[in-house]
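One structure is given here, and the rest of the page talks about it.
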Amino acid sequence: MPPPIPSLRLRSGLFDNSVCWQCTKRALLKAEPPVPKYPARFFTKSTQPRNTTPTTAAAAVLPHQRLRAGYFVSNGLLARFNGTNVAPTASTTATTAPDVTDTSTLLPHRRRQAERRNAAVLAGAGTSGSYASSDAPTATMAPDASSLLAAAAAQHPADSLRRKLSSLLSLSKPRLTVLVVLSAMVPYALYPVPAFLSTAATATPSLSPLTLLFLTTGTTLCSAAANAFNMLYEPDTDAKMSRTRTRPLVRRLLTTKAAVLFAIGCGVAGTLALYWGVNPTVAFLGASNIVIYAGMYTPLKRLSALNTWVGAIVGGIPPLMGWAAAAGESATAEGTWRELLFASDGSSLGGWLFASFLFAWQFPHFMPLSWGIREEYKAAGLRMLAWTDPARNSRVALRYSLVFIPICLGLCAAGVTEWSFAVTSAPVNLWLISEAVKFWKHEGHKGSAKGLFWASVWHLPVVMVLALAQKKGMWGRVWRSVMGEPEEEDELDEFYDEED
């Protein structure tokens, strides 16, 4: 039988709280429901009056009865098509086993569609957006990238290479790792390069692309190691939360031994890449991030709500790594950690400003995120301010949202960006502050948590792009290059005079 609404075929969330649309309409239009063609499979005897909602038992489908995707329509849509007000009952909203389609007998293009749907079902991707309900105390978060990769890996044979690679990749938390790498690359690109690093081919001073390659590779591996150790430590708590319950170690797609070897290998390789390809200071910072994230932040989640501050330190270290990597190329002395991180001339101030920016950003981002799933954190035994002290949770988010305007002004004063950056970054900073005020005022209710969360998601990339577009002196060099004006050689001549 064709589906009643073809456009709803294979939609995520389609099979939640659902009954047969055609059978329900037939039952509602008749005072005495007729005996269907297959009574044992679709109906039980019922004596419902005309225009009343059928019971769940009257519309239930036995577990072994399988129909094509699209045959069932969500209860919430029934009123739109047959003029009735059918509300889901308690039994229809109960948790059931995932409806996974057998793909062995399907055509290739249908098989790919079914595999994508199965991955979404197994990962719990039935919700849309980040919150199923903004004010619900047990709102369900969308699955993270690790869960989606693990669900996709489970569709392949157990001994296939693709399954193993997808499972290992999911251990690294790809989206988080990409954010960490980008937060290290931006300060590296914004470092004020001295004029004596100009090459013979171009008058524009630049840093080494090879150093950037080692920086990104080493940071990626260190982040993957820290995330893998994190998953090794808490598979039991991951199993209790909707967005993490399908991670690879929870579903046993990988053995513990394989995960340990992957974490150790990535950690050692990443630290060595930073040591030999960048400098020892950056390598130390990368290794420290692994220790703090896996050895301090992860176990502290069970003990104290202060774990959020420790996790924020982890977020602030990658920008410092990027700045120290760039400073190491222009170091005129031995390039020690004091010279790179605590320069006497104040040139390291920009790195600490970027680190403070990423440290502060963690709070308006994580506080509303954790508020949406605070009951899951509580059930899993993870101590977060979202459920231990909701009022303080909203105050902390507001407090750290106020520091971004001074930080942006500090980047201008430190000579990292032009002063126009303070003006162009003000609107997005004020937007974040306004959402944080709503979050504090309503303590997460009335959609304020969702508003602050998405404001923080957009805030970070917008400010970083604005800073890159307004790097100190960049447009002046572009103008001189386009107009053919000679480069200013005062700084270069001064350097060579000192060498002579």
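List of remarks:
- Note on LYS378: accessible area is roughly 110 Å² with a 1.4 Å probe, heavy atoms of protein only.
- Cα centroid separation - region 249-265 against region 396-429, whole Å: 42 Å
- When ASP238, ASP345 are compared by accessible area at a 1.4 angstrom probe, the order from most to least is ASP345, ASP238.
- Of the residues VAL457, VAL268, VAL416, the one with the largest accessible area comes first in the ranking VAL268, VAL457, VAL416, computed with a 1.4 Å probe on protein heavy atoms.
- Largest to smallest accessible area among TRP309, TRP454 [probe 1.4 Å]: TRP454, TRP309
- Estimated at the nearest 10 Å², the accessible area of VAL314 is 20 Å² with a 1.4 Å probe.
- Computed with a 1.4 Å probe over protein heavy atoms only, the accessible area of HIS445 comes to about 80 Å².
The values are calculated or read from the model by the stated rules, or taken from the named source; none is laboratory data. Here the structure is a predicted model, which is why all the values come from computation and not from measurement. Ligands, DNA and RNA are stripped out before the accessible areas are found, and what is left, the full protein with its side chains, is counted by its heavy atoms. Shrake-Rupley method; radii C 1.70, N 1.55, O 1.52, S 1.80 Å.
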